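Right, one structure below, let's go through it.
Quick note: the coordinates plus some simple rules give every number you see, no bench work behind them. The structure displayed is predicted, hence computed values, not measured ones. Please note: Cβ atoms are built from the backbone with ideal geometry, for glycine as well, and neighbour counts cover all protein chains shown.
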Amino acid sequence: MGSAGVSFDLGGARAASFNVGDLYLRLDEVFDLRADLAPYFGGRDLAVPEAFPTQSFFVAAGPLRVVVDPSDYGRLVAPDHFRSPEGYARPPPLDAQLSAAGVSPGSVTHVVVTHLHFDHYAGVTKGGALAFPSARYIVPAKDWAMPDIAEARKKGDRDVTETLGVVEAAGRLELLDGPLDLGDGVTVEPYPGESPGHQVVGLRSAHDSCYFVGDLYHLAEEVEHPELAAAWADARALTASRRRFSERAAAERALVLPGHLPAGRIGFRGSAPTWTEEPA
Ligand SMILES: [Zn+2]
């Protein structure tokens, strides 16, 4: 799976993706995909680990400087977490990649987390402090309230206390329940299912649009078969969100940027959505 980031202009705005590191996942283990789903995957062996990039995103639009899903590979591959591919040379951390792109942490005005799974928020702090000291941190209210986050906070789980807990203690956590228009073409909208409050960040100009969709899709097959749901998802809500999103993305010919896939576009063949990876 490709792991190079993309960078592009949209209207007067600029956006970029940064792969903070590949995770090594077995589809049957991680997604609990049943053997009878194998036909969806065209012979792909679900028991063979595959490398999935973990991407964070940056948008500069008007005065807005937005980071979507700041991650931290060092935290993700700590013991008892994800595996790194064997012999893998990890890319520089997010702050170094942002800095190489000319973005200083202090200039970031907003951090938006699409959903409260660790790989999407592990980088909200760095060395115990806010990674983006001036930013508003916008997270889904329904995810903050979900049982595993509530439980982790109660037990003092460091994955949460040293990240979102620090943001909360700093008075910078903004719990969002519903759509939010940040202005300058940037929106946050709920597309639930992967998690109760999963949200998508949109960037629109007069003629073009793109969407940072988090884990609305982890795999191209999920675009084409919107009912394919991981074990933890609310399958009904997820399928509805994917149908709603795919129609919109296809109508707008939008560029779609999932958290763990290279950028692509959604089309339709008859009533079936299709996924086409964007040429690099
Ligand atoms: Zn993810």
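Percent antiparallel among DSSP beta bridges with both residues in the chain, to the nearest 5? Antiparallel: roughly 75 percent of the beta bridges in the chain.
What does the charge add up to near Lys126, with Lys and Arg as +1, Asp and Glu as -1, over the other residues with Cβ less than 11 Å from its Cβ?
Within the 11 Å Cβ shell, the charges total -2.
When only Cα pairs under 8 Å and 6 or more residues apart are kept, what is the percent relative contact order across the range 7-277? Once divided by the residue count of the range 7-277, the mean separation gives 16 percent.
Exposure proxy shown here: for His81, His117, His207, the number of other Cβ atoms within 10 Å sets the order, fewest to most, as His207, His81, His117.
Taking N as the residue count of the range 101-187, its C-alpha radius of gyration divided by 2.2 N^0.38 Å amounts to 1.08. The calculated pair-distance distribution of the range 1-154 uses every alpha carbon pair, bins of 10 angstrom beginning at 0, and gives 10, 34, 33, 18, 4 percent. Short-range pairs are left out: with C-alpha atoms under 8 Å and at least six residues apart, the relative contact order of the range 89-211 is 22 percent. Two numbers describe the Cα atoms of the range 147-280: Rg and Dmax, which are 16.4, 51 Å. Where does the Debye-calculated log10 I(q)/I(0) of the range 68-151 sit at q = 0.11, 0.12, 0.15, 0.22 Å⁻¹, using only Cα point scatterers of equal weight, no solvent? For the range 68-151 at q = 0.11, 0.12, 0.15, 0.22 Å⁻¹, log10 I(q)/I(0) is -0.34, -0.40, -0.62, -1.15. Counted over all Cα-Cα pairs of the range 190-251, pairs farther apart than 19 Å make up 24 percent. P(r) for the chain, from all Cα pairs and a bin width of 10 Å, is 6, 30, 39, 21, 3, 0 %, short bins first.
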